[in-house]
Structures are given as C-alpha cells and as structure tokens.
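Peer 1: Here it is, the structure in full.
The values are calculated or read from the model by the stated rules, or taken from the named source; none is laboratory data. What you are looking at is a predicted structure, and each value in this text was computed from that prediction instead of being measured. FYI the Cβ positions are ideal-geometry reconstructions off the backbone, even for glycines, and counts take in every protein chain you see.
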Amino acid sequence: MFFTQLSASHDLSGFDCGNTGLNTFLKEHAVSFMKRKLCMVHVLIDGNTVIGFYTLSPFTLDVQAFPAKIARKYPKTMPFPCWLLGKLALDKKYQNQGLGEKFLMTACERAAKLSKNDAGGFCLIVDAKDQKVNNFYTRYGFIAFEDAPLRLYLPLPGDGF
C-alpha cells in the first residue's frame, strides 16, 4: 500500500466508505476536479485499487476569523493563506484499523511541506461534518474556530503563528 495522486487508471469500482456523497465525489468528480485544478486528490492504493483518499487545496480565510492573539500579528485586510483538507474517506473494509490517523498525518505532512517549500500557508483547515468527526480532529491538535465550531485549524510548523 502506498499514497499517490489519483489517476483515471485507478480502480474505483469497489470503493465504498459508507458515505454516498464521498463515494460519488471519488467515482464521478475527483479526476475532473484535479484536471480543473480545484484540488489534488491523494489516494492510498493496494495494487491498483483505491482504499481511501483525501483532498488538499489552497484556501484563504479572513485573518479576523482567527483568535486575536494570531490575528493581531497581521494586517486586518490580509487574506490568510491556508490549506484545506476538503475530504478524507476510507473504504469500509479498512476502517477502524488506524488508517484514518495515517491519512491525516500524511495530509498534514504534505501541507507542511507545501507550506515550507512551495506555496506558503499557515495552517490546515478542516470542516467537520459532525461532532464525532470534530472529536477525531481535535485528538490530533486541531483547534475549533469560536464562531464556527465544526471548522477547525491546525497550525503548520514554522513562524506563522
């Protein structure tokens, strides 16, 4: 098993994470999203079969969305560069085996590398779909925004925060 970028040659036919929206995204939209540069889709494959995926894309937030101790360091009108972990899903056959953590750590490492070496970005943003997912992310250091408790951020290594 290894991570790679999604390609049209990957076998998506048997993928089922238990969420119709995520399944549909992967099978019907992910490749075109990549072609249109809306996000990059990274997959964990076993042979040629996709067993999970996550998306990563550049993102900005109003700097005032962050806590005052962070926001006061930057101009009030500055769009705050971030990375968005838009989707993360694992096939049902591979759930509850610790792979969710591996996916998250891989996404965090990729965002940190991009931030440091290629494109900047102060943090990784996620939008949790519910409190259970929120709890998953907070276990790994993500911090909820005060005005949007299901939107969380994780500061990336460096001097930004």
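Peer 1: Looking at the structure I just gave you, is His42 within 20 Å of Leu104 (Cα to Cα), buried (at least 16 other Cβ atoms within 10 Å of the Cβ) and in contact with a strand residue (DSSP E or B) (Cβ under 6 Å, 6 or more places away or on another chain)?
Peer 2: Yes; evaluated as a whole, the condition is true for this residue.
Peer 1: If a residue has to be modelled with pLDDT of 95 or more and either surrounded by 16 or more Cβ atoms within 10 Å (Cβ to Cβ) or within 17 Å of Leu85 (Cα to Cα) (or both) to count, how many in segment 7-16 make the cut? Break it down stepwise before answering.
Peer 2: At the first step, the residues of segment 7-16 found to be modelled with pLDDT of 95 or more are 15-16.
After this cut, where a residue has to be either surrounded by 16 or more Cβ atoms within 10 Å (Cβ to Cβ) or within 17 Å of Leu85 (Cα to Cα) (or both) as well, the list is 15.
Selection size over segment 7-16: 1.
Peer 1: For Lys92, are the conditions met, namely being surrounded by fewer than 16 Cβ atoms within 10 Å (Cβ to Cβ), among the basic types (Lys, Arg), in contact (Cβ under 8 Å) with a residue 12 or more places away in the chain and within 21 Å of Arg151 (Cα to Cα)?
Peer 2: no
Peer 1: Shifting gears a bit: Do you know which residues across segment 115-158 are in contact (Cβ under 8 Å) with a residue 60 or more places away in the chain and within 13 Å of Leu84 (Cβ to Cβ)?
Peer 2: Scanning segment 115-158 gives Ala119, Gly121, Ile125, Tyr153, Leu156.
Peer 1: Does any residue in segment 61-89 that is touching a residue at least 40 places away in the same chain (Cβ under 8 Å) and closer than 16 Å to Leu156 by Cα come within less than 8 Å, Cβ to Cβ, of a residue that is assigned to a helix (DSSP H, G or I) and not aliphatic (A, V, I, L, M) six or more places away or on a different chain, and which pairs are these?
Peer 2: These pairs meet every condition: Trp83/Ser115.
Peer 1: Looking at Ala68, Ala107, Ala128, Ala111, which one is small (Gly, Ala, Ser), surrounded by fewer than 12 Cβ atoms within 10 Å (Cβ to Cβ) and out of contact with any Lys or Arg (no Cβ under 7 Å at 6 or more places or on another chain)?
Peer 2: Sole residue among the options that is small (Gly, Ala, Ser), surrounded by fewer than 12 Cβ atoms within 10 Å (Cβ to Cβ) and out of contact with any Lys or Arg (no Cβ under 7 Å at 6 or more places or on another chain): Ala68.
Peer 1: From the list Met1, Met78, pick out the single residue that is at pLDDT below 90, surrounded by fewer than 17 Cβ atoms within 10 Å (Cβ to Cβ) and touching a Leu at 6+ places or on another chain (Cβ under 7 Å).
Peer 2: Criteria check complete, one pass: Met1.
Peer 1: Report yes if Asn23 is modelled with pLDDT of 95 or more and either over 18 Å from Pro58 (Cβ atoms) or of a type in the set (Val, Ile, Thr) (or both), otherwise no. I'd like the intermediate steps shown before the answer.
Peer 2: Details: modelled with pLDDT of 95 or more: yes; either over 18 Å from Pro58 (Cβ atoms) or of a type in the set (Val, Ile, Thr) (or both): yes.
The answer is yes for Asn23.
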